[in-house]
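Undergrad: Got a structure here, written out as structure tokens. Questions coming.
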Amino acid sequence: KYIAVFKGVDKKYNMDGYQFTAIKNAECAIPRGEITFVLGPSGSGKSTFLNMLGMLDKPNQGQITILGQDVLAMDDNQAADFRSRHIGFIFQSFNLIPVLSVRENVEFPLLRHNVSRRERREKADYYLESVGLKDYSHRRLGEISGGQRQRVAIARALVTTPELVIADEPTANLDSATSDEIIHLMLEMRSQFNTSFVICTHNEKLIGGSGNVIRIIDGKLQHLGGLQ
Ligand code: ADP
Ligand code: ADP
């Protein structure tokens with residue numbers, strides 16, 4: 001029923017000799033197969049929250065369950081393996097490799113999976129077409145625009161068909177027609193594969209009338225509609 005559950009989660013950063021609490025006692029249950037938006041002013045803790053959800057960072061206190069598994073109990077290898085199988089990231093500069101071609105970047109996450117070369121190529125081409133980059137597959141990443149790189153990041157996040165996709169401002173650099181296509185692609189993924197999306201955004205239009213909303217104010221989570 002839930003893709004991820006947070007219980008009593010605190011995240012503190014060390015700043016010049018004192019501890020700053022960036023996330024305070026976070027409690028949330030993120031529904032499976034739905035889109036959940038994370039909103040809040042700059043500096044409120046959205047990235048910190050997404051980093052913990054994506055198993056990129058650990059809390060100082062509390063429990064995090066993803067797909068029913070206690071992810072904080074995993075060692076580093078188990079966590080890396082779990083992450084590569086179940087979680088896709090659409091972060092603006094996360095792990096895209098400038099010297100590789102567009103297609104090679106999209107294929108990259110599949111190298112950890114047991115997938116033939118031909119299947120890798122087919123999957124990469126399918127998602128590149130979905131994000132409107134069919135004709136760019138041989139370009140190097142350094143030879144395309146920021147918006148196009150964003151679309152490469154999206155294709156790369158979806159290529160392993162992860163259960164959970166975490167996106168930080170996925171449409172930030174895109175024109176509204178491309179934003180609409182990206183949203184359409186996410187909705188299609190959701191219905192086709194029951195993918196859960198957690199999206200941090202300032203774009204109210206993206207939210208529309210649907211989806212769950214978690215608002216973060218000064219490190220405190222508030223739920224608005226949809227949840228619990
Ligand atoms: P948002 O994504 O909503 O802008 P962040 O999660 O990036 O917020 O940051 C929340 C707060 O924690 C901010 O005050 C930020 O300066 C601080 N912060 C974030 N990451 C670190 C870090 N690695 N070390 C120290 N402080 C941090
Ligand atoms: P966003 O654009 O999502 O709000 P930020 O620009 O606040 O993100 O932060 C980008 C990255 O820098 C995040 O991974 C965050 O953890 C880190 N960060 C933010 N504030 C600080 C800080 N004061 N000290 C160290 N790292 C920080």
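Undergrad: Taking θ = phi - 60°, what integer Hz values does the Karplus form 6.51 cos²θ - 1.76 cosθ + 1.60 yield along the stretch 51-62, in sequence order, with x for Gly and Pro?
TA: 4, 6, 4, x, 6, 8, 8, 10, x, 7, 7, x
Undergrad: For TYR13 and ARG139, what is the calculated FRET efficiency with R₀ set at 30 Å and r taken between the beta-carbons, to the nearest 0.05?
TA: My answer for the efficiency is 0.20.
Undergrad: May I ask you to list the lysines whose Cα is less than 19 Å away from that of LYS134, ignoring any residue fewer than eight positions away on the same chain?
TA: Reachable lysines: LYS123.
Undergrad: Right, something else. For the chain, with the dipole built from +1 on Lys and Arg beta-carbon atoms and -1 on Asp and Glu ones, taken about the Cα centre, which of ALA172, ILE207, LEU128 lies farthest toward the positive end?
TA: LEU128
Undergrad: Might you tell me the accessible area per residue for the chain, computed with a 1.4 Å probe and given in Å²?
TA: Value for the chain: 50 Å² per residue.
Undergrad: Residue by residue, what Karplus-based ³J(HN,Hα) values in Hz, rounded to whole numbers, does the stretch 20-34 have, using 6.51, -1.76 and 1.60 with θ = phi - 60° and x for Gly and Pro?
TA: Karplus-based 3J(HN,Hα) across the stretch 20-34 equals 9, 8, 7, 10, 10, 6, 6, 10, 7, 10, 9, x, 7, x, 10 Hz.
Undergrad: Hey, with R₀ at 35 Å, roughly what FRET efficiency would VAL213 and ARG117 work out to, going by the Cβ-Cβ distance, to 0.05?
TA: Efficiency, from the Cβ-Cβ distance: 0.25.
Undergrad: With an 8 Å Cα cut-off and a minimum separation of 6 or more residues, compute the relative contact order for the chain in percent.
TA: Relative contact order comes out at 29 percent.
Undergrad: Enumerate the amide H contacts of ALA22 below 5 Å, restricted to partners 5 or more residues apart or on another chain; note that Pro and chain-start residues carry no placed amide H.
TA: When sequence neighbours closer than 5 places are left aside, the close amide H contacts are LYS11, LYS12, TYR13.
Undergrad: Could I ask something else about it? Along the charge dipole of the chain, Cβ charges K/R +1 and D/E -1, which of GLY142, VAL9, LEU72 sits furthest on the positive end?
TA: LEU72
Undergrad: Okay, moving on. Between LEU72 and ASP180, 0.36 nm times their residue separation minus their Cα-Cα distance comes to what?
TA: Roughly 35.3 nm would be gained on extension.
Undergrad: With label points built 7 Å along Cα→Cβ from the Cα atoms of PHE20 and GLU129, find their separation and express it in nm.
TA: Placing both labels 7 Å beyond Cα along the Cβ direction yields 4.8 nm.
Undergrad: Once label points are set 7 Å from the Cα along Cα→Cβ at both ASP57 and GLU188, what is their separation, rounded to one decimal in nm?
TA: Roughly 3.4 nm, to one decimal.
Undergrad: In what sequence, highest mean first, do 186-197, 138-149 appear when ranked by Cβ atoms within 10 angstrom?
TA: 186-197, 138-149
Undergrad: Follow-up question, since we're still on this one. What is the stretch 153-200's relative contact order, in percent, from Cα pairs under 8 angstrom and six or more apart in sequence?
TA: Once divided by the residue count of the stretch 153-200, the mean separation gives 54 percent.
Undergrad: Additional query: Which chymotrypsin sites (Phe, Trp or Tyr not before Pro) from the stretch 77-175 combine a DSSP loop assignment with at most 16 other Cβ atoms within 10 Å?
TA: Here the chymotrypsin sites (Phe, Trp or Tyr not before Pro) that fit, given the DSSP loop and packing criteria, are PHE94.
The values are calculated or read from the model by the stated rules, or taken from the named source; none is laboratory data. Only a predicted model underlies this, so the values are computations on that prediction, with no experimental measurement involved. Don't worry about glycine lacking a Cβ; one is built from the backbone with ideal geometry, like all the others, and counts go over all protein chains shown. For accessibility, only protein heavy atoms count, side chains too; no ligands or nucleic acids. Shrake-Rupley method; radii C 1.70, N 1.55, O 1.52, S 1.80 Å.
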